[in-house]
Amino acid sequence: MQQHVCTTCGVQYSSTLEPPTRCAICDEERQFIHSEGQVWTTLEQLRDSSKYSNEIVNLEAGLYRMTTKPEFAIGQSAFVIQNDGFNLLWDCITYFDEHTLAELRQLGGIQAIALSHPHYYSTQVEWAEALDVPIYIHMDDHKWVMKPSERIQFWSGETLELAPGLTLHRLGGHFKGGTVAHWANGNAGKGVLFTGDIIQVVADQDWVSFMYSYPNLIPLPANKVAEIAAKVKALPFDRLYNAFQRAVQQHANESVQKSADRYIAALEGRLFVT
Ligand SMILES: [Zn+2]
Ligand SMILES: [Zn+2]
């Protein structure tokens, strides 16, 4: 029996004798099956290869970004947010080892894991067991959990306060349960929003975008983008981090608002003539 990990998305499945035929996370329009076919590995194989390690970088006071080197699967980063004695692991990555766990202990340990959306579920249950913490996932994405566990706490509604100053908000869009994390104390008290792929920082890092599928370039409807921008407008934050080492460093709420306006203008044929 093995807990197979899809090499395209990095998501781990419950223990089975044979690997699943295809990865359910990849075999739909927000991801893709690799052109050379479905390939599986395991966390043990990744560790035994001695090829990978996690780089943990301090970004600002109380905030660390963790990325596997060399890149594995989607290649996202996770974050450690230190919030007044409650440390959150925001989003997750497939690879970790004893060295990673020792580094996290030096940062004061982890009290909870919360996820933006299924593309980053990775080996979340293994992490939760190693750290002895709960995982918070929005109920609307319940069906995308490929390795069920008692560690997973499904939340519903629009917001969940994990600790004072650290709150999850469901925005939907990319996934129905698509969640962002608001850290009020971050960025010297100006506030930080962690968005995973729910709000995406684009090449011009003064702007963001909103997609149903990033790899297959499927946009969201105008009314959904307007709804996401309106929900975010009420939150006090000046900086926004995505999952790919990009950030809107300042005036991030204004960036979300103007980006939503531009996106809707483009969809409605008002932005350009072509
Ligand atoms: Zn996959
Ligand atoms: Zn995604």
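Descriptive notes on the structure:
- Think of each Lys and Arg Cβ as +1 and each Asp and Glu Cβ as -1; about the Cα centre, that makes the dipole of the range 72-189 roughly 300 debye.
- Alpha carbon centroid spacing (whole Å) that separates the range 82-140 from the range 207-271: 26
- Nonlocal amide H pairs with G196, under 5 Å, H built at 1.01 Å: A243
- In the range 128-274, taking the dipole from charged Cβ atoms about the Cα centre, the farthest positive-side position among I228, A128, I218 is held by I218.
- Fraction of the pair-distance distribution of the chain above 25 Å, Cα-Cα pairs, percent: 43
- For S116, the amide hydrogen comes within under 5 Å of the amide hydrogens of D91, counting only partners 5 or more places away or on other chains and with H modelled in the peptide plane.
- The count of lysine pairs in the chain whose Cα atoms are under 24 Å apart, excluding pairs fewer than 8 places apart on the same chain, comes to 15.
- When shorter helices are ignored and each DSSP H run of at least 4 residues is given -39500 (n - 2.57), the per-residue value for the chain at 222 nm works out to -5500 deg cm²/dmol.
- Positive minus negative residues near S213 (Lys, Arg vs Asp, Glu; Cβ under 11 Å): -2
- When both bridge partners sit in the chain, DSSP labels roughly 75% of those beta bridges antiparallel.
- Scanning residues 5 or more positions from S53 or on other chains, those with amide H under 5 Å from its amide H are K69, with H placed 1.01 Å from N in the peptide plane.
- For the range 208-270, the list of GluC sites (Glu not before Pro) that fall in a loop by DSSP and count at most 11 other C-beta atoms within 10 angstrom reads E268.
- Surface composition of the chain: carbon plus sulfur atoms hold 50% of the accessible area, using a 1.4 angstrom probe and ignoring ligands, DNA and RNA.
- Legend: translational diffusion of the range 1-84 by Stokes-Einstein, Rh = Kirkwood radius over C-alpha pairs, 20 °C, 1.002 mPa s; D = 148 µm²/s.
- Given +1 at the Cβ of Lys and Arg, -1 at the Cβ of Asp and Glu and no other charges, the dipole of the chain around its Cα centre is 580 debye to the nearest 20.
- Dipole magnitude for the range 145-274: about 120 debye, using +1 per Lys or Arg Cβ and -1 per Asp or Glu Cβ, origin at the Cα centre.
- Overall dimensions of the range 137-233 by Cα: Rg and Dmax, Å: 14.3, 41
- Accessible area per residue, Å², the range 136-274 with all protein chains present, probe 1.4 Å: 46
- Neighbours of L115 by Cβ distance under 10 Å: Lys/Arg scored +1, Asp/Glu scored -1, total -2.
- Farthest positive-ward along the chain dipole, Cα basis, beta-carbon charges - from G108, V273, L240: V273
- 13 Å beta-carbon shell around L171, net charge (K/R +1, D/E -1): 0
- Debye-sum result for the range 182-274 in log10 I(q)/I(0), which assumes one identical scatterer on each alpha carbon, at q = 0.14 Å⁻¹: -0.48
- For the range 104-177, chymotrypsin sites (Phe, Trp or Tyr not before Pro) are listed when DSSP marks them as loop and at most 10 other Cβ atoms sit within 10 Å of their Cβ; the list is empty.
- In Å, descending, principal axis extents of the Cα set of the range 43-136: 37, 24, 21
- Residues within the reach of a label modelled at F272 (point 7 angstrom out along Cα to beta-carbon, backbone nitrogen below 18 Å), restricted to the range 178-202, are 202.
- Residue-by-residue Karplus 3J(HN,Hα) for the range 50-55, coefficients 6.51, -1.76, 1.60, Hz, glycine and proline x: 6, 8, 10, 8, 9, 9
The values are calculated or read from the model by the stated rules, or taken from the named source; none is laboratory data. Note that the structure is predicted; figures quoted are calculated from it, not measured. With ideal geometry, Cβ positions are generated from the backbone for all residues, glycine too; neighbour counts draw on all protein chains shown. Remember, those area values only see protein heavy atoms, side chains included, never the ligands or the DNA or RNA. Shrake-Rupley method; radii C 1.70, N 1.55, O 1.52, S 1.80 Å.
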